[in-house]
Each structure stands twice: as C-alpha cells, then as structure tokens.
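Here's the structure we're looking at; comments come further down.
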Amino acid sequence: MSTQSSPQSAGVKLRVDHVRKAFERDGNSISVLEDINLDVRNGEFICLVGPSGAGKSTLLNVMGGFLSPTSGSVAIDGETVQGPDPRRILVFQERGVFPWLTVEGNIGFGLSNLSDAERKQRIAHYVQLVRLQGFEHSYPSDLSGGMKQRLQVARALAVNPDILYLDEPFGALDSVTRFIMRGELLRIWQTERRTIIFVTHDIDEAVQLADRVVVLSSRPAKIQDILTIDIDHPRNLSSPRYLELRDQLAQKIGLAFSA
Amino acid sequence: MRLRPVAFILVLLVIWQTAISSHPGQLLPGPWQTLRGIGDLLQHGLLLKYVVASLFRVTWGFLLAAVIAIPLGLTIGWYRRAEMAFNPLVQIFRPISPLAWIPIAILWFGVGDLSAIFLIFIGCFFSLLLTAMSAVHNIPDVYINVGRNFGLSTPAFIYRVLYPAVAPQLIVGLRITLGIAWLVVVAAEMIAVNSGLGFLIVDARNAGNRYDLVVAGMVVIGIIGLLLDLAMRSLEQVKSFRWGFPEN
C-alpha cells in the first residue's frame, strides 16, 4: 500500500479535485459533472444523493477509475487514480456476483495470489461476516437478492480494499430487505472500518448510514450541499434530530430538482 | 414422463404399419420392412461401418470448425473494429448452403473423406463464428468491470471471466451446429464419398430400388442425431454452466 500522503492532505483518504466529465454524443459534448471538489477522510462513510440521472454513478465510476475525468483528477492517498484497482472495489446494484462461481468461489475471486490455507481462512472469515454460513457451496441462482448483495460486499472486502464504492447496492431489493441490509452494512463498516462512498437516491438510507451526505444538483451535476449527520450509531430513526436532518436533506434535494 | 414420447412413437408406428397394409403400393416401406432392412445391414456389417464413417467425418469437421471459429469469433467480438470489418463478410458467407461448396470441395480435395470433412467444416464454421461473436457482446458490462476491478491479467481475465461468461451460449451454439454437421454429412456423402449413411441411402436406391434400406438409413440417421443432441444437452447440466439455462 502506498502512503505518499503529503502533509497538507494528511487525514484525507480521497480527494476529488476540480473534476469535470463530459460525454461525446453525436458530435455534441454533454457535460455530466461540473467542477466537483470533495475531500473524504479515512474511514468516513459518504453518501452521494441527487436526482436520478444527475451523474452520481458517473462520479462513482470516475472515483473508481472506470472512467477518466475530462479534466481534474481523483487522488487516493495523494496518488492519482489511473484505472480500476483492487485496493478500491466497486459494488454494483445488480448482477455483480459471478453466476458460474459458488459463494466460496465468488469470495475467493480476488484471492488467487494467496496460499490455499490463507485463502480458505479469508473466505471463511467473510462468509461469517456477511452471514452466509451454510451457503458456501451454493450458486448465486440459489440465493435471494439480499444474499447476493451481501456476497458481493464479502467478495469486495476479502481483497482488503481501503475504499468501497457502492452504487445503489440495495436499490433492487424490497424495502424490508433493504432496511436489514443497511443494518448489516453499518455493522460491517464498524467492524472493518473502510472508507465507504455510497450512491443512493433514498433519503432515509443516506441519513441512516452516512457521516456526511453529499447532495448533487441535477445535470450537469455540481455539489450543491454537504450535510453532516451528527448522530451517533445506532441511530434512533424517530429522534427529533434525525427527523430534522431528514427534512433538511429532503428540502435540499427538492432544491436540486428545481435548480 | 419419459414413457409418453415412447408410447407416442409406438402409436405412430402402428398407424404407419396399418396405412401401408391397407394401401400396399410402392410409396413407402412399412416399419417392419424397415426394421428388417436394418437387420440386413447389421448382418452384412455395413451399418456399423457406415455409422463410424459418418461419425468420423462429423467429428473432424465439427471439431476443426469449433477449434478455429470459437477463438476467432471471441476475438473478433471483443474488438469492435474487427467486428465492423468482419461482419459483412460473415453475413455474405453464412447464407451460402454448404452444399453449394460441393463442386469446390471436390475440385480441391477430390472424392473422399477430406471433401466431406471440408463441407462439414464450412457448414459449422460460420454458425460457430457468429455464435462466439454474439456471445462476447452479450456479456454484461458488470462482469467485465468486476474483472478489471480485481486487477486480473489478460490471460486470467480470459480464463476466469470471459470464458465462463460465454460458455452457456457457446454450448447452445455447439448443440445447434452439431445438428447442422449431421445434416451436412449425409448430403456430402451422397456425392463426395463412397461410404457413410448418406452414401448408403443413394446406393440403396441406385443399386436396385431397395427403399427398405433407404428408410432404414433415414431412421438410423434420425436416431444418431437424437443421441448427439442428448449428449450435447447433458453439458447444460454441468453446475458451472447451468446458470445460463432456464430451469427445467
């Protein structure tokens, strides 16, 4: 792991610096991201919210190195992101697990450089962490939607990344499962302490999970506001402060729509 | 459940036999005559010899096509530009019946096994090439992105993401193509060689209007075709392929 962090960026894990992203379509340039600047601290849980089609996923893909910015840069520990890297793993909304591998095979996917014993141990640890015991030899087709997403998170964590990018990971789940999954993700985050960037369009999800919520405006996306959620975990979802922040966020997103 | 198709076939055989007995013309031999024809062929050791000859040609033509067309198709499909260049060519060659190649096959390879194998190869090649090209297209981006994210080398990516992602579609393509190969071999043997089940059918007619042997040959071709298809289908049951097929 590189630790080239310069003094001025100490404590900053990920820095998004004047990032713009435009796509070429039929000879026209369509601007999707407009001058995005963001510092994320090590171990922080950030939620990106904004109207659909705003460019949340685009921003996540730029951070993950899957797309290169048109201008500006993304740096992790002071090192500019050049492409996808196993030190930061993206978890997809759907179809992210490999259907041809078992639960064990999926979790072990990124571990082929480990010895057999180490790999087995790592797999067992993460099977336990995401509570898939008893399903080690099952194929994804035999798992529920929530289990598949837990499996995807386990596969990501197994390679020991410093950053986890989650792109609406619970968006395709029913609301009960989604609620349970939030709890699971918080529990995992509190035990493993990774930096998490989480894209969602769900206001409750953002207020329940995030340390800070980054609100993007509609396209071309700018950072419209950053809301700090100053409530300790476990959060009481009916406390006045929670409801207040939830309303504030709803209002800001409402503003985003009219902007 | 397994008995139902068998029972249905028996009913059809009975209808066939009664139809033949009530109209004893020369239109078609009955099932009983056909069975005796198969017995005749077995007795003279011809059946086994011809079946082996046909299977030999199909195996070589089919395998050669698979070994060349699949890697080529996967590569072409992966590189969009290559596909733009190759696709029109493939679309021109594909609708040409393999039988149209018979004169050229004989010109190049003479009358014999090579000609027949070449014709089967031609019949399988374009079908498999297209299967492989479209299989690559149909890989969801997610799998490719996950492969990139975990930092796989190119060979590891091909072996651990590309190949398993296309395998179910390739199996479907192979299954259809093996059916084509079996169709082509019979036609090829009618013209380009002096053995095999296709030759048997033409020979039985030419050598004395033995229509019982003609139909016997057809029945054997059908049964072997069915067995080949069953063998290919059993691949769909392999655990790591099964995700690509509907539950049954």
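Whether any residue in the stretch B:49-65 is over 23 Å from residue B:123 (Cβ atoms), surrounded by 12 or more Cβ atoms within 10 Å (Cβ to Cβ) and modelled with pLDDT of 90 or more is what I want to check. Taking every residue of the stretch B:49-65 in turn, at least one turns out to be over 23 Å from residue B:123 (Cβ atoms), surrounded by 12 or more Cβ atoms within 10 Å (Cβ to Cβ) and modelled with pLDDT of 90 or more.
I'd like the full set of residues that are buried (at least 18 other Cβ atoms within 10 Å of the Cβ) and not β-branched (Val, Ile, Thr), limited to the stretch A:226-245. Break it down stepwise before answering.
Our first condition is that a residue be buried (at least 18 other Cβ atoms within 10 Å of the Cβ); within the stretch A:226-245, this holds for A:227, A:229, A:245.
Across the stretch A:226-245, the qualifying residues are A:227, A:245.
Can you spot a residue in the stretch A:113-120 that is within 12 Å of another protein chain (Cβ to nearest Cβ), of a type in the set (Ser, Thr, Tyr) and either surrounded by fewer than 21 Cβ atoms within 10 Å (Cβ to Cβ) or free of Cβ contacts under 8 Å to residues at least 12 places away in the same chain (or both)?
First pass over the stretch A:113-120, keeping only residues within 12 Å of another protein chain (Cβ to nearest Cβ): A:113.
Pick out the ones that are also of a type in the set (Ser, Thr, Tyr) and you get none.
No, every residue in the stretch A:113-120 fails to be within 12 Å of another protein chain (Cβ to nearest Cβ), of a type in the set (Ser, Thr, Tyr) and either surrounded by fewer than 21 Cβ atoms within 10 Å (Cβ to Cβ) or free of Cβ contacts under 8 Å to residues at least 12 places away in the same chain (or both).
The number of residues in the stretch B:19-43 that are touching a Phe, Trp or Tyr at 6+ places or on another chain (Cβ under 6 Å) and in contact (Cβ under 8 Å) with a residue 40 or more places away in the chain comes to 1.
Take the stretch A:67-77 and flag every residue that is surrounded by fewer than 21 Cβ atoms within 10 Å (Cβ to Cβ) and either more than 11 Å from chain B (Cβ to nearest Cβ) or in contact with a Leu (Cβ under 7 Å, 6 or more places away or on another chain) (or both). Can you show your working first?
The initial filter retains those residues of the stretch A:67-77 that are surrounded by fewer than 21 Cβ atoms within 10 Å (Cβ to Cβ), namely A:67-68, A:70-73, A:75, A:77.
A:68, A:70, A:71, A:72, A:73, A:75, A:77, listed by residue number.
Only helices (runs of 4 or more DSSP H) wholly contained in the stretch B:147-216 count here; list those with 1 or more residues that are under 30 Å from residue A:65 (Cα atoms) and within 14 Å of chain A (Cβ to nearest Cβ). Don't jump to the end; show me each part of the working.
On the way: elements: B:154-157, B:163-191, B:197-206.
Where helices (runs of 4 or more DSSP H) fall fully within the stretch B:147-216 and carry at least 1 residues being under 30 Å from residue A:65 (Cα atoms) and within 14 Å of chain A (Cβ to nearest Cβ), they are B:154-157, B:163-191.
From the list B:98, B:88, B:103, which one is in contact with a Cys (Cβ under 9 Å, 6 or more places away or on another chain) and away from chain A (no Cβ under 14 Å)?
On the way: B:88 fails: in contact with a Cys (Cβ under 9 Å, 6 or more places away or on another chain); B:103 fails: in contact with a Cys (Cβ under 9 Å, 6 or more places away or on another chain).
Answer to the selection: B:98.
When the criteria are applied in full, residue B:142 meets the requirement of being in a helix (DSSP H, G or I), within 14 Å of chain A (Cβ to nearest Cβ) and either surrounded by fewer than 16 Cβ atoms within 10 Å (Cβ to Cβ) or over 18 Å from the mean Cα position of the chain (by Cα) (or both). Here the condition is being among the aliphatic types (A, V, I, L, M) and closer than 30 Å to residue B:189 by Cα; of B:14, B:51, it holds for B:51 alone. Residues that are in contact with an Asp or Glu (Cβ under 8 Å, 6 or more places away or on another chain), away from chain B (no Cβ under 12 Å) and either surrounded by fewer than 17 Cβ atoms within 10 Å (Cβ to Cβ) or not aliphatic (A, V, I, L, M) (or both) within the stretch A:78-112 comprise just one, A:104. Within the stretch B:221-248, the only residue that satisfies the criterion of being under 30 Å from residue B:53 (Cα atoms), within 14 Å of another protein chain (Cβ to nearest Cβ) and touching a Leu at 6+ places or on another chain (Cβ under 9 Å) is B:235. Applying the condition of being crowded, with 18+ Cβ neighbours inside 10 Å and assigned to a helix (DSSP H, G or I) to the stretch A:185-205 and asking which residue is farthest from the chain's Cα centre (by Cα) yields A:203. Among the residues making up the stretch A:128-166, those that are hydrophobic (A, V, I, L, M, F, W, C), assigned to a loop (DSSP other than H, G, I, E, B) and within 14 Å of chain B (Cβ to nearest Cβ) are A:143, A:159.
The values are calculated or read from the model by the stated rules, or taken from the named source; none is laboratory data. This is a predicted model, so every value here is computed, not measured. Note: ideal-geometry Cβ built from the backbone for every residue, glycine included; neighbour counts use all protein chains shown.
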